[in-house]
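Asks: Questions regarding the structure given below will be posed in turn.
The values are calculated or read from the model by the stated rules, or taken from the named source; none is laboratory data. Bear in mind the structure is a predicted one, so any value in this text is a computation, not a measurement. Glycine also receives a Cβ, built like all others from the backbone with ideal geometry; neighbour counts cover every protein chain displayed.
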Amino acid sequence: MTLLKADHITKSYAGVHALRDASFELRAGEVHALVGENGAGKSTLIKALTGAVIPDSGEILLDGTRITENSPGISKSLGIAAIYQQPALFPELTVAENIAIGQERDGSVFGMVNWARRKQRAKELLDRIGARISPEQIAAELSMPQQQLVEIARALGANARVLVLDEPTASLSEDDTRNLFRVIRELRASGVGMIYISHRLEELPAIADRVTVLRDGQTIDTHEMADVSSKQLIQLMVGRELSGVFPKREVPRGEVVFELRGFGSREAGIRGIDLTIRAGEIVGIAGLVGAGRTELAKTIFGLVPPDTGVMLLRGKQITIGHPSEAIDLHISYLPEDRRRHGVVLDLPISSNITLASLKHLSGFKGMNFRKEKEIAAEYTRRLGVKTPAIYNAVSTLSGGNQQKVALSRWLVTQPAVLILDEPTQGVDVGSKAEIHELMMELAEQGVAILMISSELPELLGMCDRIAVMNGGTIAKVFDRTDATQDLILSAALGH
Amino acid sequence: MATIGKTYRREISAAAALAALLVIVAIIAPSFFAPGNLRDLIVNNLPTLLIAIGMTLVILVGQIDISVGSQFAVCSVAAGVLAKTGLPMPLVFVAVMLIGGLMGALNGTLIGWMKLPSIIVTLAMLVMWRDALRWITEGAWVQGLPENFQWFGLGQSTGEIVIFMISLLLFAVFAWSLRNLIVGRTVYAVGSDAEAARLAGINSPNVVFWVFIIMGGLVGVSALLNAIRFSAIPGNSGVGLELKAIAAVVVGGAAITGGRGTLIGTLIGVALLGTIGTALTFLGINPFWEKAIQGAIILAALASDVALGRLEKNGRSDLAATTSPA
């Protein structure tokens, strides 16, 4: 029996499609796995189902009835609950309160809170899933797995018929995972339909009944779990032609510019990283969200303190305690989140471009605005930033042009080592090609480039070597000639 | 018992500070505890307490309101003007509360529904109401108030009791509702995590909107109860009231970021900051130190909170690391 159905859902953000004509169907009493690469559209699909985003087109049907108006409140009252990767509990409130809040009326008179009843009910729900958590504990004091269990109890309390679990085992130990699976099986037996998102393909046969593969915002295929192997799933997840031409040229590799030996940071969750980059070389970092790729970049750049291993620049050991020290050493980092970290949206293009180099632009007489203007003009021309004036705010530019401004800022610092974190995410095709061409030019000038990317064709097309991260360390390194999408994804999934 | 100590840690330390202050005063200047003096002290601070009740709600929901001092002045003058028209006092009371509520609704609309930052909106209102009032009254006091205005025409001692009872009742109602009504708990939820509240199906903008209306209404009550203590109403009352109220709420243990705090804490905060001024006089210290000492107390309250929070967090993560599989 079909419980919930998403019918031809399309959703785009700022012109970039997150979902394209995606369809999905969930039966009562089944665990339906949803798999796909980073950015395949899983999160957006879940948000559409739970009313957290409104699709541009397409329908969502519950028991065959179309949900015409949707919001998190409406979807919750219809019995659709989601447990996100980051638990959404109220940190200052108690467990009992977290379970009760938002549930209309609470079964009480005059909107009065019945504390005894709340505690009793929380205890019942927690007992039902075998969680030994006191209803009176403050949510902020719970561990991640405990918070997750509280969220499940909350969903049960709301009589959820559809339960979405987004990477529920990502931070769980084996014992906690076993306990969670027991809870999921009990819920399944009682007729709850569950959507189970996970990157851990090996755990799916143990828990899922069916599986749907998402790729590039489209639902590719739905199978009985028993009929597919994880190898087939990987092929379906990747399954993309190596389209697009990359401007890759052979560059003679120079000396080793940058090296990490046994590099790690407890705070960043990375460990034992060995990596070398030569002059003119482009090294790619592949891996799933949470594998530690951005954390590695941040630790190199001095945003998180490392605690083990050494970092060498041209054979000399260096320590970086702050990004300004990295910049002085000509190590640059283009962050992943362009709008929040890459550019200052409200500042003019010119100020954005010179922001990391102000030291060289100001002297005894204050800022040298003539020089700032020259630099800004030079880089906007070189990178082809399309704008009528360099004094316009960056927020007036398109995504691709914003990214070129972000990149310009780091080129002004004359990097010897350039770390690019998802440099072409969410930019248009034209700008993407221009950024790739620029990367090649930089490599030809002898810059050592480290590129983090979730887009396998981009890694395969641009990089000389590809290091695959899993669980906070480098699992495997492939040479350009040996790497394939299947091999990289398998390594990223820990196979 | 251990959880109570932890949950109300901030309230308990504020209460301890108040107790320490009272003990010092009791030893050095026992005349401080003369009934007349205590009575004055309490009545003087009741209007601040009422404002601080509203401010607690505003801060719990993760916002701030610095326009309350100006709203207070508008409500005070309005109370006098309305009373002079011959309107019966109970109706004046209701009318002033409505005027405050309307000013609050304006704040609430801009902040809750239009998502403008509360500090800027209420800063604008602070200036706007104050100067509009100055322009209208031209700085004149409201004088020639009817007989039944001062102390509601009941005489000072009965009037003081009435003021006390109304304040006590409002305090009790809000303290109880905040803890025991579902709407009270949603105030905590919205301030704790607005996005989680949205995902839990709570209408956060609406909660913020109503919290500002309540704030305004309480300003009205506070202004009226303050005005009836005198025979004339100045056009510039309530200057600096917002800072007094915010300070009391913060000293009383509420997190300025929202989601944590209690009205008992606010009561202790008002008592602590209110006592200091008078206590200094009795201790023979120059009262010019009052503001400096109040400032130091606010800083100490915040610093101890951050330090304790850090200590606790570190202890917790170490614990989690050593005992992960339960």
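Asks: From A:Lys404, A:Lys386, grab the single residue that is out of contact with any Lys or Arg (no Cβ under 7 Å at 6 or more places or on another chain), surrounded by fewer than 19 Cβ atoms within 10 Å (Cβ to Cβ), basic (Lys, Arg) and touching a residue at least 12 places away in the same chain (Cβ under 8 Å).
Replies: Numbers: A:Lys404 fails: surrounded by fewer than 19 Cβ atoms within 10 Å (Cβ to Cβ).
Of A:Lys404, A:Lys386, the one residue that is out of contact with any Lys or Arg (no Cβ under 7 Å at 6 or more places or on another chain), surrounded by fewer than 19 Cβ atoms within 10 Å (Cβ to Cβ), basic (Lys, Arg) and touching a residue at least 12 places away in the same chain (Cβ under 8 Å) is A:Lys386.
Asks: Another one. Give A:Asp21, A:Asp56 a once-over and let me know the one that is farther than 13 Å from A:Ile195 by Cβ, touching a residue at least 40 places away in the same chain (Cβ under 8 Å) and either touching a His at 6+ places or on another chain (Cβ under 7 Å) or not assigned by TED's automatic domain parsing to the domain that holds A:Gly191 (or both). Show your work before the answer.
Replies: Numbers: A:Asp56 fails: either touching a His at 6+ places or on another chain (Cβ under 7 Å) or not assigned by TED's automatic domain parsing to the domain that holds A:Gly191 (or both).
The match here is A:Asp21.
Asks: Kindly indicate whether B:Ser177 is at the interface with chain A (Cβ under 10 Å from one of its Cβ atoms), surrounded by fewer than 21 Cβ atoms within 10 Å (Cβ to Cβ), modelled with pLDDT of 90 or more and in contact with a helix residue (DSSP H, G or I) (Cβ under 6 Å, 6 or more places away or on another chain).
Replies: Details: at the interface with chain A (Cβ under 10 Å from one of its Cβ atoms): yes; surrounded by fewer than 21 Cβ atoms within 10 Å (Cβ to Cβ): yes; modelled with pLDDT of 90 or more: yes; in contact with a helix residue (DSSP H, G or I) (Cβ under 6 Å, 6 or more places away or on another chain): yes.
Against the criterion (at the interface with chain A (Cβ under 10 Å from one of its Cβ atoms), surrounded by fewer than 21 Cβ atoms within 10 Å (Cβ to Cβ), modelled with pLDDT of 90 or more and in contact with a helix residue (DSSP H, G or I) (Cβ under 6 Å, 6 or more places away or on another chain)), B:Ser177 qualifies.
Asks: What residue, among those in the stretch B:5-59 that are more than 30 Å from B:Gly216 (Cα to Cα) and not in a helix (DSSP H, G or I), is nearest to the other protein chains (Cβ to nearest Cβ)?
Replies: So the residue we want is B:Ala29.
Asks: What's the total number of residues in the stretch A:188-197 that are surrounded by fewer than 18 Cβ atoms within 10 Å (Cβ to Cβ) and within 25 Å of the chain's Cα centre (by Cα)? First the steps, then the outcome.
Replies: If we filter the stretch A:188-197 for residues that are surrounded by fewer than 18 Cβ atoms within 10 Å (Cβ to Cβ), which is where we start, we get A:189-191.
Right, trim to within 25 Å of the chain's Cα centre (by Cα) and you get none.
Going through the stretch A:188-197 one residue at a time, the tally reaches 0.
Asks: Let me ask something else about it. Kindly indicate whether any position in the stretch A:340-361 is out of contact with any helix residue (DSSP H, G or I) (no Cβ under 8 Å at 6 or more places or on another chain) and closer than 20 Å to A:Ile449 by Cβ. Walk me through it before giving the result.
Replies: Our first condition is that a residue be out of contact with any helix residue (DSSP H, G or I) (no Cβ under 8 Å at 6 or more places or on another chain); within the stretch A:340-361, this holds for A:340-341, A:358-360.
Then drop every residue that is not closer than 20 Å to A:Ile449 by Cβ, which leaves A:341.
Checking the stretch A:340-361: at least one residue is out of contact with any helix residue (DSSP H, G or I) (no Cβ under 8 Å at 6 or more places or on another chain) and closer than 20 Å to A:Ile449 by Cβ.
Asks: Then there is this: Looking at (1) more than 30 Å from A:Gly239 (Cβ to Cβ); (2) surrounded by fewer than 17 Cβ atoms within 10 Å (Cβ to Cβ); (3) more than 9 Å from every other protein chain (Cβ to nearest Cβ); (4) not β-branched (Val, Ile, Thr), which one does A:Ala96 not meet, given that it meets all the others?
Replies: The number of the failed condition is (2).
Asks: I've got another one for you. Looking at the stretch B:139-148, is at least one residue within 29 Å of B:Gly265 (Cβ to Cβ) and in contact (Cβ under 8 Å) with a residue 24 or more places away in the chain?
Replies: Going through the stretch B:139-148, the residues within 29 Å of B:Gly265 (Cβ to Cβ) turn out to be none.
No, the stretch B:139-148 contains no residue that is within 29 Å of B:Gly265 (Cβ to Cβ) and in contact (Cβ under 8 Å) with a residue 24 or more places away in the chain.
Asks: A follow-up question, please. Filter the stretch A:165-190 for residues that are touching a residue at least 40 places away in the same chain (Cβ under 8 Å), away from chain B (no Cβ under 12 Å) and part of a helix (DSSP H, G or I) and give the result.
Replies: Once the filter is applied, which keeps residues that are touching a residue at least 40 places away in the same chain (Cβ under 8 Å), away from chain B (no Cβ under 12 Å) and part of a helix (DSSP H, G or I), the stretch A:165-190 yields A:Arg182, A:Val183, A:Ile184, A:Glu186, A:Arg188, A:Ala189.
Asks: Going by the conditions given, is B:Gly216 at pLDDT below 95 and more than 28 Å from A:Val150 (Cβ to Cβ)? Full working, then the answer.
Replies: Numbers: at pLDDT below 95: no; more than 28 Å from A:Val150 (Cβ to Cβ): yes.
It is false that B:Gly216 is at pLDDT below 95 and more than 28 Å from A:Val150 (Cβ to Cβ).
Asks: Which of the residues that make up the stretch A:472-489 are closer than 21 Å to A:Ala40 by Cβ and in a loop (DSSP other than H, G, I, E, B)?
Replies: Of everything in the stretch A:472-489, those that are closer than 21 Å to A:Ala40 by Cβ and in a loop (DSSP other than H, G, I, E, B) turn out to be A:Ala483, A:Thr484.
Asks: Sticking with this one: Kindly indicate whether B:Ser237 is within 14 Å of the chain's Cα centre (by Cα) and either more than 14 Å from chain A (Cβ to nearest Cβ) or of a type in the set (S, T, N, Q) (or both). Don't jump to the end; show me each part of the working.
Replies: On the way: within 14 Å of the chain's Cα centre (by Cα): no; either more than 14 Å from chain A (Cβ to nearest Cβ) or of a type in the set (S, T, N, Q) (or both): yes.
So B:Ser237 fails the test.
Asks: Examine the stretch A:266-279 for a residue that is exposed (fewer than 15 other Cβ atoms within 10 Å of the Cβ) and either without any contact (Cβ under 8 Å) to a residue 60 or more places away in the chain or not in a strand (DSSP E or B) (or both), and state whether such a residue exists. Outline the logic, then answer.
Replies: Within the stretch A:266-279, the first condition is being exposed (fewer than 15 other Cβ atoms within 10 Å of the Cβ), and the residues that meet it are A:266-267, A:272, A:274.
Narrowing the set further to residues that are either without any contact (Cβ under 8 Å) to a residue 60 or more places away in the chain or not in a strand (DSSP E or B) (or both) leaves A:266-267.
Within the stretch A:266-279, one or more residues are exposed (fewer than 15 other Cβ atoms within 10 Å of the Cβ) and either without any contact (Cβ under 8 Å) to a residue 60 or more places away in the chain or not in a strand (DSSP E or B) (or both).
Asks: Given the criteria away from every other protein chain (no Cβ under 11 Å), in contact (Cβ under 8 Å) with a residue 40 or more places away in the chain, surrounded by fewer than 24 Cβ atoms within 10 Å (Cβ to Cβ) and closer than 30 Å to B:Thr137 by Cβ, does B:Ile228 qualify? Let's see the steps before the verdict.
Replies: On the way: away from every other protein chain (no Cβ under 11 Å): yes; in contact (Cβ under 8 Å) with a residue 40 or more places away in the chain: yes; surrounded by fewer than 24 Cβ atoms within 10 Å (Cβ to Cβ): no; closer than 30 Å to B:Thr137 by Cβ: yes.
Spelling it out, it is not the case that B:Ile228 is away from every other protein chain (no Cβ under 11 Å), in contact (Cβ under 8 Å) with a residue 40 or more places away in the chain, surrounded by fewer than 24 Cβ atoms within 10 Å (Cβ to Cβ) and closer than 30 Å to B:Thr137 by Cβ.
Asks: Could you grab me the full set of residues in the stretch A:113-130 that are more than 22 Å from B:Ala196 (Cα to Cα) and within 13 Å of another protein chain (Cβ to nearest Cβ)?
Replies: Listed by number, the residues that qualify are A:Asn114, A:Ala116, A:Arg117, A:Gly130.
Asks: A further question on this structure: Tell me yes or no: at least one residue of the stretch A:14-33 is within 21 Å of the chain's Cα centre (by Cα), part of a loop (DSSP other than H, G, I, E, B), modelled with pLDDT of 85 or more and away from chain B (no Cβ under 14 Å). Steps first, answer last, please.
Replies: Filtering the stretch A:14-33 down to residues within 21 Å of the chain's Cα centre (by Cα) leaves A:14-20, A:22, A:33.
Then drop every residue that is not part of a loop (DSSP other than H, G, I, E, B), which leaves A:14-15.
Filter again for modelled with pLDDT of 85 or more, leaving none.
Within the stretch A:14-33 (the criterion being within 21 Å of the chain's Cα centre (by Cα), part of a loop (DSSP other than H, G, I, E, B), modelled with pLDDT of 85 or more and away from chain B (no Cβ under 14 Å)), the answer is no, since none of the residues qualifies.
Asks: A further question on this structure: Restricting attention to the stretch A:65-82, which residues are crowded, with 23+ Cβ neighbours inside 10 Å and either of a type in the set (A, V, I, L, M) or more than 11 Å from every other protein chain (Cβ to nearest Cβ) (or both)?
Replies: Hits for the stretch A:65-82 are A:Ile80, A:Ala81, A:Ala82.
Asks: For B:Gly69, indicate whether it is touching a residue at least 12 places away in the same chain (Cβ under 8 Å) and surrounded by 15 or more Cβ atoms within 10 Å (Cβ to Cβ).
Replies: Working: touching a residue at least 12 places away in the same chain (Cβ under 8 Å): yes; surrounded by 15 or more Cβ atoms within 10 Å (Cβ to Cβ): yes.
Yes; evaluated as a whole, the condition is true for this residue.
Asks: So for the stretch B:72-90 (the condition being closer than 26 Å to B:Ile228 by Cα, touching a Lys or Arg at 6+ places or on another chain (Cβ under 9 Å) and either at pLDDT 95 or above or not in a helix (DSSP H, G or I) (or both)), does at least one residue qualify? Outline the logic, then answer.
Replies: Our first condition is that a residue be closer than 26 Å to B:Ile228 by Cα; within the stretch B:72-90, this holds for B:72-90.
Narrowing further to those that are touching a Lys or Arg at 6+ places or on another chain (Cβ under 9 Å): B:73-74.
This time we only want the ones that are either at pLDDT 95 or above or not in a helix (DSSP H, G or I) (or both), so: B:73-74.
Yes, the stretch B:72-90 contains at least one residue that is closer than 26 Å to B:Ile228 by Cα, touching a Lys or Arg at 6+ places or on another chain (Cβ under 9 Å) and either at pLDDT 95 or above or not in a helix (DSSP H, G or I) (or both).
Asks: Evaluate the stretch A:419-437: report whether one residue or more is without any contact (Cβ under 8 Å) to a residue 40 or more places away in the chain, in the same structural domain as A:Glu295 (by TED's automatic domain parsing) and part of a loop (DSSP other than H, G, I, E, B).
Replies: yes
Asks: Here is a further query. Free of Cβ contacts under 8 Å to residues at least 24 places away in the same chain and hydrophobic (A, V, I, L, M, F, W, C): which single residue out of A:Phe369, A:Phe301 fits that description? So that I can check it myself, show each step before the final result.
Replies: On the way: A:Phe301 fails: free of Cβ contacts under 8 Å to residues at least 24 places away in the same chain.
The conditions single out A:Phe369.
Asks: Picking from A:Gly472, A:Gly446, which residue would you name as being of a type outside the set (Asp, Glu), touching a residue at least 40 places away in the same chain (Cβ under 8 Å), in the same structural domain as A:His341 (by TED's automatic domain parsing) and closer than 19 Å to A:Val256 by Cβ? Can you show your working first?
Replies: On the way: A:Gly472 fails: closer than 19 Å to A:Val256 by Cβ.
The unique qualifying residue is A:Gly446.
Asks: Checking the condition more than 14 Å from chain B (Cβ to nearest Cβ), touching a strand residue (DSSP E or B) at 6+ places or on another chain (Cβ under 9 Å), modelled with pLDDT of 85 or more and surrounded by 23 or more Cβ atoms within 10 Å (Cβ to Cβ), which residue from A:Leu49, A:Leu45, A:Leu62 passes? Break it down stepwise before answering.
Replies: Numbers: A:Leu49 fails: more than 14 Å from chain B (Cβ to nearest Cβ); A:Leu62 fails: surrounded by 23 or more Cβ atoms within 10 Å (Cβ to Cβ).
Testing whether each residue is more than 14 Å from chain B (Cβ to nearest Cβ), touching a strand residue (DSSP E or B) at 6+ places or on another chain (Cβ under 9 Å), modelled with pLDDT of 85 or more and surrounded by 23 or more Cβ atoms within 10 Å (Cβ to Cβ) leaves just A:Leu45.
Asks: Taking into account only those residues within the stretch A:198-220 that are buried (at least 22 other Cβ atoms within 10 Å of the Cβ) and in a strand (DSSP E or B), which is nearest to the chain's Cα centre (by Cα)?
Replies: A:Leu214
Asks: Separate question: Could you give every pair whose Cβ atoms fall below 7 Å, whose first residue belongs to the stretch A:136-155 and is within 11 Å of A:Leu126 (Cα to Cα) and outside the structural domain of A:Lys119 (by TED's automatic domain parsing), and whose second residue is modelled with pLDDT of 85 or more and buried (at least 24 other Cβ atoms within 10 Å of the Cβ), counting only separations of at least 6 or pairs across chains?
Replies: Here the result reads none, with nothing in the stretch A:136-155 linked to a residue that is modelled with pLDDT of 85 or more and buried (at least 24 other Cβ atoms within 10 Å of the Cβ).
Asks: Also, I was wondering about something else. If the requirement is being within 14 Å of chain B (Cβ to nearest Cβ) and modelled with pLDDT of 90 or more, which of these qualifies: A:Gln137, A:Gln103?
Replies: Numbers: A:Gln103 fails: modelled with pLDDT of 90 or more.
Sole residue among the options that is within 14 Å of chain B (Cβ to nearest Cβ) and modelled with pLDDT of 90 or more: A:Gln137.
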